[in-house]
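**Q** Quick one: this structure, given as C-alpha cells, is what I'll be asking you about.
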Amino acid sequence: MVKQKFDPLVTSDKSQKYHRALWDNSPTPQAVYEFDGTILDANQAFATLIGRNIIETLGLNIWAITPQEYHYKQPIEQARLEQEGSFTIERAYLDSTGKRVPVRLSAVKLELEGNSLVLLNATKISSSTTVEVRNSQSTQQIQEVLDKLPMAVFWKDRDSVFLGCNQVLADVAGLASPEEIIGKTDYDLPWKKEEADWFRECDRRIIESEKPEHNIIESQKQADGGEKWLKTNKFLLRDSQNKVIGIAGTFEDITERVELEKQLAEQAQNLESLIVKRTEELIASKARFEKLVTNVPGAIYQFKLHTTGKFSFPYISSDCEEILEYTSEQIIQNSELVISLICQEDISNFEQVVSHSAQTLKPKHWEGRIVTPSGKKKWIQTASKPEKQGDGSIIWDGLMTDISDRKQSERELRESQQLLHLIFDTLPQRIFWKDTNFNYLGCNKLFASDTGLSSPEEVVGKNDFELSWHKSAHLYRADDEVIMAGGSPKINYEESQIRDDGTILTIKTSKLPLKDKNGRTIGLFGCYEDISTISQQQQKTEKAQDFLAKAIDSIRNPIFVKDTNHRWVLINDAYCDFLGYSKEEMLGKSEPDFYAPEEADIYWAKDELVMLSGGRETEEEPFTDRDGNEKIIVTQKSCFQDLDGNNYLLGMIIDIYDA
C-alpha cells in the first residue's frame, strides 16, 4: 500500500509549493522513512538512484532494497539513531533489476508530532567492492560501539529467539559475552516468568500487527535479584522481499528517572497540600485583615513618596470618607486632595515630619488640623512605619484617626491639671518628689521658695546637698535610703531643718516610696510643713486639705484614672456616687471586681484599645447599676504619662441616659 506523502519542508501555506518544489528537484537523493523502514516520502533523485519511479518507491521498505547481509545491522542503526540522533555509513542498495548500487548514507532522527522518523540523504559511490570491504572492516567496530552504548540492544527471530545483543544486555542477563545469548529465549534469562510472558506477548503483538512500539515502560528482574525500570523500543526486521523475519529493540535503564518521578510526584502532592493549606491561610488572613480594616477606629493607608518628590496613596481604606469626606477612589486617583485639606499653618510641620522619617526611616507620627470640604475643622493623627523600595521610593504603612474629641479632652485635662497645680501651689505644705538617685523631679512653689530658688523648674535635677538646708542634707538622705530600700512610708514625723542663715525650724514630714505597676520602687514622694507655730499651721493645713478634696470632688462629672493594669488609682465623689461604691472599696480594683464578666470584658477591651493606640476616644458603653437598671453612658477617654513615663488612662463620663 502506498502511504500518503510526507512533506518535511512545509512551514506555511504560502511557502508549501515552493519548498515542495525544492524537495522534488533537489539533485541529492533524499527520503523519509519510519523506524520500521517504511518509506513515507522520497524525491525523484532517490527514486532514480534505486531504479524506480516515485509511485513505486513510496511504501517500499528500506530493508527490502538492502542486500540480506546488511539486515543484521537494523537494530544497530536503530540504537545509534536513538542514542546519537544520526549516523553516516557506506553500503549497497538493490535497484528494480536486483543490481547492487553502492551508496553513502547519512541518516538523521526526526521527531514530528510525537512520531520518530528518519531523514535519509544518499550519495552514489563508485564501487561496491569498496563498500563491502569497508563494511566488513567496520562490523567489529560497530559491535564495539554497540557494546559501549549505555542502552541495551538486541534482536530476535519470529519465535522470539535471540539472534544477538550488545554487552549491556549481556551484563544485565548475567552473561559473559553477547555471543552467549544467541539461541536463548526470555525464559532462559533471569527474568521472572510473568516478565518473560509479557516480553513474549509484546514480541507476538508487534510481529502480528507489523507495527513497531516505542517508549514502552517495563519492569525487569536483574541477575542479582534486583528490579529495574526500563524504557523499551521494538521494531520489525524484514528481508529483501519485505517479509518480517524478526524484531529488534533497545532498552535503557530509567530506574533513577522513575524513582525521581515518584519523588517529584510525591513532592508535587506535598506541594499541592502546602498550596491548599497556604491558600486557606491566605483566605483566613485576608478575612482577618478585612475585619481589622472594618473595625479599626480610623483609616488604614499606604502613603508613598516617589523619587521625584511626588506624594501618592497606593491604598487607603473606605473609612477615610468619614474623616476626610473624600472616597478612597478619589484619594487614590488624586493624592493632592488630602494635602489640600491640611491647614496652612500645619503644612510646614507635616513636610518636616515626612522628610525626617524619609531620611532616618524611623516611624512617622504627625498630628495636625484639616478643614474638610464641608468646612468642618478637625484634628487628625497619623502613625506609620516607612519601608524603602527597590526603586528608591518610600512607602509608609499607617493608620489615620480623627482625634478632635481627644484634643478637646486634652484641653479640658490641661485645665484640670492647671487647677491641680494651682491647688498644690495654694497648699501651705511643701510638696516634692525625687528619683532613685535622690535628685528632685518636681515640687510646688512653696518648696522652691524654701530652697532659695525662684521657681520649681530650677529645683529639678538638684539634690538636698545643693539646696539651702545642705547642713541637714545627710539626715534627709538617710531617711530617703531607708524608705526606698524598705519600700515602707514614713508618715508625719518631726525633724529639724537648719537654714543657711542659722534659723532652725521644726517641720513635720511625710515620705513614701513611688512604685511602678510591677511594685518596683522608682522614686520617693514627700511633703512637709513648718510646725514651729503648730496650731496656726495645723489649722491652715486642715483648711488646705479640705479645699483640695472639695476642689477635686466639686467636679460634677464622674472622673476616674486607671493604671495599665486597669486598676482605679484616682476617682472623685461623683464617680463613687455613680457606681454606688465608696472610694475605699474601689481604689486599687477594676471592673471585674464589680461587674458581670461580659460587661467587664467590654470595658476592659475598650480601655485597652485606647491605651494601645495612645489616642482619644469618645464611646457609648452599656452600664448596669447596682439596682439592675440598664443605661447607656458616653465616656471620653485619653492617655497620659506621669513624669516617670508611666501610662495612665483618664476617663470622664459626660452623658448618662436610660437605654
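**Q** Restricting attention to helices (runs of 4 or more DSSP H) lying wholly within segment 335-440, give those where 3 or more residues are polar (S, T, N, Q) and surrounded by 13 or more Cβ atoms within 10 Å (Cβ to Cβ).
**A** 404-426
**Q** If you check every pair at least six apart or on different chains, which have Cβ atoms under 7 Å apart with a residue in segment 448-475 that is farther than 22 Å from T506 by Cβ first and a residue that is assigned to a helix (DSSP H, G or I) and hydroxyl-bearing (S, T, Y) second?
**A** Here the result reads V459/T451, each pair linking segment 448-475 to a residue that is assigned to a helix (DSSP H, G or I) and hydroxyl-bearing (S, T, Y).
**Q** Restricting the first residue to segment 641-658 and requiring it to be closer than 20 Å to I522 by Cα and assigned by TED's automatic domain parsing to the domain that holds R567, which pairs with a second residue that is surrounded by 14 or more Cβ atoms within 10 Å (Cβ to Cβ) and hydroxyl-bearing (S, T, Y) meet a Cβ separation below 7 Å and a spacing of at least six or different chains?
**A** As it stands, the answer is D642/Y648; N647/T564, since those pairs meet every condition given.
**Q** Among all residue pairs at least 6 apart or on different chains, which show Cβ distances below 6 Å where the first residue, located in segment 397-425, is not assigned by TED's automatic domain parsing to the domain that holds W379 and the second is at pLDDT below 75 and not in a strand (DSSP E or B)?
**A** Within 6 Å, the pairs are I423/L548; I423/A551.
**Q** Let me ask something else about it. List the pairs whose first member sits in segment 112-126 and is farther than 24 Å from P212 by Cα, whose second member is of a type in the set (K, R), and whose Cβ atoms are under 7 Å apart, counting only residues at least 6 apart or on separate chains?
**A** Every condition considered, the pairs that remain are T123/R104; I125/R104.
**Q** Do you know which residues across segment 447-467 are surrounded by fewer than 20 Cβ atoms within 10 Å (Cβ to Cβ) and more than 21 Å from D516 (Cα to Cα)?
**A** S449, G452, L453, S454, S455, E457, E458, K462, N463, F465, E466, listed by residue number.
**Q** Now for a separate question. So, S328, is that one farther than 19 Å from H365 by Cα, within 29 Å of the chain's Cα centre (by Cα) and surrounded by fewer than 18 Cβ atoms within 10 Å (Cβ to Cβ) or not?
**A** No; evaluated as a whole, the condition is false for this residue.
**Q** Further question on the same structure: Give me the helices (runs of 4 or more DSSP H) completely within segment 510-623, filtered to those with at least 1 residues that are modelled with pLDDT under 90, hydroxyl-bearing (S, T, Y) and at negative phi, ordered by residue number.
**A** In segment 510-623, 534-553, 573-579, 597-613 are the helices (runs of 4 or more DSSP H) which contain 1 or more residues that are modelled with pLDDT under 90, hydroxyl-bearing (S, T, Y) and at negative phi.
The values are calculated or read from the model by the stated rules, or taken from the named source; none is laboratory data. Values in this document were obtained by computation on a predicted structure and should not be read as measured data. Note that each Cβ is placed from the backbone with ideal geometry, even for glycine, and that neighbours are counted across all protein chains shown.
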